[in-house]
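A quick write-up on the structure given underneath.
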Amino acid sequence: MEKLSEIISKNIYSLVSGRKIGYILNICLDESFKNIKHFLVADDESENEMLISPKSLIFGGEFILSKKEEDFVYGAATEENNLIGKLVFTDKGAYCGKVREVIFSANRLESVICDRICFSAKDISLVGQDAVILGKKKNFARARNFSRPTFVSSQPESLVSISSSFSQPESGQVAPYRISTDPKNLIGKLATRDIFGLNNELIIKKFEIITQKKLNEIKKHNKLNILFYNCK
């Protein structure tokens, strides 16, 4: 099994030309939410987003290789069924937190971990632009009843089953938000992971407040897209 957090920001190099194409930003699921349909990639020069099929990539430790450069698709609907950074709700109105980790095996989704729960592909009703909805399938003829997710305990590897129903959102809970394309909206937020520059130097630490100076440095190293997906 693999963790998406360990793949995000990895560089992709072309087997054909040997040049650096870009780096991984996120995954996009297929219509059933069970399999990885595409990887979302940031172009190394323009920072534009593009899609690439997992079948076109070779994963080799610290780096990823692409078989054919023409397999990268620019200008596609990159918001399609991606997960990292989105808020999670049940169809009963319970707030479950923000998606922090995706675990997959052989390009098949195994589980998704957010702040309060862990759930599997069969629990997903909808993956929207800003939020993931858990519950009964709405878009398929073979709808299955919602299988209740399991709460994540203080130890990440230990899962505790829900005994009754979901707890309602606490007062003052953070409202849903849209990942903005305006870098200025990042100022004042916290980075949720270490981000390294072009020469592997640490340019912003986990839990560090994003300032204009840090934002300028992030832009200089072409890591703005990674920061968008890793702040709160």
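Here is how the numbers come out for the structure above:
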{"quantity": "Accessible area in the full protein assembly, largest first, 1.4 Å probe, for PHE228, PHE207, PHE196", "calculated": "PHE207, PHE196, PHE228"}
{"quantity": "Set of aspartates and glutamates near LYS86 by C-alpha distance (under 19 Å), chain-local residues within fewer than 8 positions excluded", "calculated": "GLU6, ASP30, GLU31, GLU49, GLU101, GLU110, ASP115, ASP123, ASP130, GLU170, ASP182"}
{"quantity": "Sequence of THR90, THR211 when ordered by accessible area, the most exposed leading, probe 1.4 angstrom", "calculated": "THR211, THR90"}
{"quantity": "Contour excess over end-to-end distance, with Cα ends at GLU62 and GLU208 and 0.36 nm allotted per residue", "calculated": "50.0 nm"}
{"quantity": "Overall dimensions of the range 183-222 as given by Cα atoms, namely Rg and Dmax in Å", "calculated": "9.4, 27"}
{"quantity": "Lysines with Cα under 28 Å of LYS92, excluding same-chain neighbours fewer than 8 positions away", "calculated": "LYS34, LYS122, LYS136, LYS137, LYS138, LYS232"}
{"quantity": "Local electrostatic count, LYS205, Cβ distance below 15 Å [Lys/Arg +1, Asp/Glu -1]", "calculated": "+3"}
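The values are calculated or read from the model by the stated rules, or taken from the named source; none is laboratory data. Bear in mind the structure is a predicted one, so any value in this text is a computation, not a measurement. Positions of Cβ are backbone-derived with ideal geometry, glycine not excepted, and every protein chain shown enters the neighbour counts. Quick note on the areas: whole protein, heavy atoms, side chains included, nothing else; ligands and nucleic acids left out. Shrake-Rupley method; radii C 1.70, N 1.55, O 1.52, S 1.80 Å.
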